[in-house]
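Here is the structure we will look at, set down as structure tokens.
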Amino acid sequence: MSIDADGRIRSWSETPSAPHFVPPQGAIDAHCHVFGPAADFPFSAKAKYLPQDAGPDMLFALRDRLGFDRNVIVQASCHGTDNAATLDAIAKSGGRARGVAVVDPAISDAELARLHDGGIRGIRFNFLKRLVDDAPKDLFLDVAARLPIGWHVVVYFEADILAELRPFLDAIPVPLVIDHMGRPDVSQGPDGADMRAFRRLLESREDIHFKATCPDRLDSAGPPWEDFARAVGPLVADYPDRALWGTDWPHPNMQDAIPDDGALVDVIPRIAPTSDLQRKLLIDNPRKLYWPDE
């Protein structure tokens, strides 16, 4: 674990490998974050972790090294509901980034409009108790009903609470994106209980996308993440128009098992083996959500 003099942790590789897989031109990293820089964008007083700076210059350098064209920057929980760091990164991207915000449910319509003008296209609801103190479902539904046209809701949860969340998910009145497939136990395989429950969720609505992401989080066996590829490949094949992919850089809370971003990219052809699947996963599906006018 790398900890600096201020006690802040590093969760990303300083020397990521260049991937063997070459993403198709126009590929989008649809799940990544920025941390700070803290001198300009302080972390929330409620943050459950304090990372070292990982700002837009680092993110865009990694984007280019991995062969991607665009980013979708998801507000990290360490910044709470102050989306300034995410908006700053989008503004510095030259039109090559969009974002997902975390908001106070009491946010005004005027502030939602300001976020839209800054490149935000969705809001995120986090139900991981180790990362957030409170997740008020009723208030979340209220703000979801006031989102600008074309926005969606991103939901982050773990598989063991999916059944509990179903009434809430069913009631959200805009399209959904599920982070990391709801963190199934991929060691169960493609037909395991967690994946079957997640498929039932996908079958319940046609407007649910999912992120086929984070083998480093979901596959405890470690690289080359065989269980992840075996469990997730059939999901991408069966729902090709709903799958997204992203690096999850700078890998919040993964400081004890920092993944190699090049190796993460090399998982893509193992879960999307054809050029058609790769184009849907990396270009068509994220563009539909974040750049729908193109």
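The values are calculated or read from the model by the stated rules, or taken from the named source; none is laboratory data. Here the structure is a predicted model, which means the values were calculated and not measured. We place every Cβ from the backbone using ideal geometry, glycine too, and count neighbours over all the protein chains shown. Just the protein is used for accessible areas: all its heavy atoms, side chains included, with ligands, DNA and RNA removed. Shrake-Rupley method; radii C 1.70, N 1.55, O 1.52, S 1.80 Å.
How many nm is it between the label spots at Ser44 and Ile3, if each spot is 7 Å from the Cα in line with the beta carbon?
2.3
Where does the stretch 13-52 land on Rg(C-alpha)/(2.2 N^0.38 Å)? Show your work: numbers first, answer last.
Working: Rg = 15.2 Å, N = 40, 2.2 N^0.38 = 8.9 Å.
Dividing the Cα radius of gyration by 2.2 N^0.38 Å gives 1.70.
At 1.4 Å probe size, with no ligands or nucleic acids counted, give the accessible surface of Val100 in Å², nearest ten.
0
Radius of gyration and Dmax for the chain's Cα atoms, expressed in Å?
17.6, 49
Considering only Trp291, Gly222, Pro259, whose Cα is most displaced toward the positive end of the charge dipole of the stretch 146-294, charges sitting on Cβ of Lys, Arg (+1) and Asp, Glu (-1)?
Of Trp291, Gly222, Pro259, it is Trp291.
Under a 1.4 Å probe, what is the accessible area of the stretch 142-272 per residue, stated in Å²?
Result: 35 Å² of accessible area for each residue.
How far apart, in nanometres, would the label points at Asp241 and Ser17 be if each is projected 7 angstrom from Cα along the Cα-to-Cβ direction?
Each label point lies 7 Å from its Cα, and together they span 3.7 nm.
Mind pulling the per residue volume of the convex hull built on the Cα atoms of the stretch 199-294? Å³ is fine. Please report the intermediate quantities before stating the final value.
Values: hull volume 10.8 nm³, N = 96.
So the per-residue hull volume is 113 Å³.
What does the highest-first list of 45-57, 180-192 look like by mean Cβ count within 10 Å?
Values: 45-57: 17.1, 180-192: 18.8.
The most tightly packed comes first, giving 180-192, 45-57.
With only alpha-carbon atoms counted, please give the Rg and Dmax of the stretch 63-140, in Å.
Rg then Dmax for the stretch 63-140, in Å: 13.5, 42.
For the chain, what relative contact order do you get, as a whole percent, if you take Cα pairs closer than 8 Å and at least 6 residues apart? Present the calculation step by step, with values, prior to reporting the outcome.
Details: 542 pairs, mean separation 65.8, N = 294.
Here the relative contact order equals 22 percent.
Lysine pairs in the chain with alpha-carbon atoms under 19 Å apart, 8 or more places apart or on different chains: how many are there? Before the final figure, lay out the partial values.
Working: Lys46/Lys129; Lys48/Lys129; Lys129/Lys137; Lys211/Lys280; Lys211/Lys288; Lys280/Lys288.
Going through the chain pair by pair, I get 6.
How many percent of the accessible area of the chain is carbon or sulfur, using a 1.4 Å probe? Working shown, then result.
Numbers: 5980 of 12070 Å².
C and S atoms contribute 50 percent here.
With unit charges on the beta carbons (Lys and Arg positive, Asp and Glu negative) and the dipole taken about the Cα centre of the stretch 86-164, which residue among Ala91, Ile123, Ala163 sits farthest to the positive side?
Farthest towards the positive end: Ala91.
Could you give the length gained by full extension between Met254 and Arg96, i.e. 0.36 nm per residue of separation minus their alpha carbon distance, to one decimal place? Walk me through the numbers before you get to the answer.
Values: separation 158, 0.36 × 158 = 56.88 nm, distance 2.64 nm.
Answer, rounded to one decimal: 54.2 nm.
Size of the dipole of the stretch 112-217 about the Cα centre, Lys and Arg at +1 and Asp and Glu at -1 on the beta carbon, nothing else charged, in debye to 20?
Rounded to the nearest 20 debye, it is 220 debye.
Taking the Cα centre of the chain as origin and charging only Cβ (+1 Lys, Arg; -1 Asp, Glu), how large is the dipole, in debye to the nearest 20? Intermediate results must be reported in sequence, preceding the final value.
Values: 32 positive and 45 negative charges, 72 e Å.
Dipole size: approximately 340 debye.
If the only charges are +1 at each Lys and Arg Cβ and -1 at each Asp and Glu Cβ, what is the size of the charge dipole of the stretch 193-294 around the Cα centre, to the nearest 20 debye?
Details: 13 positive and 19 negative charges, 69 e Å.
Using only the charged Cβ atoms, the result is roughly 340 debye.
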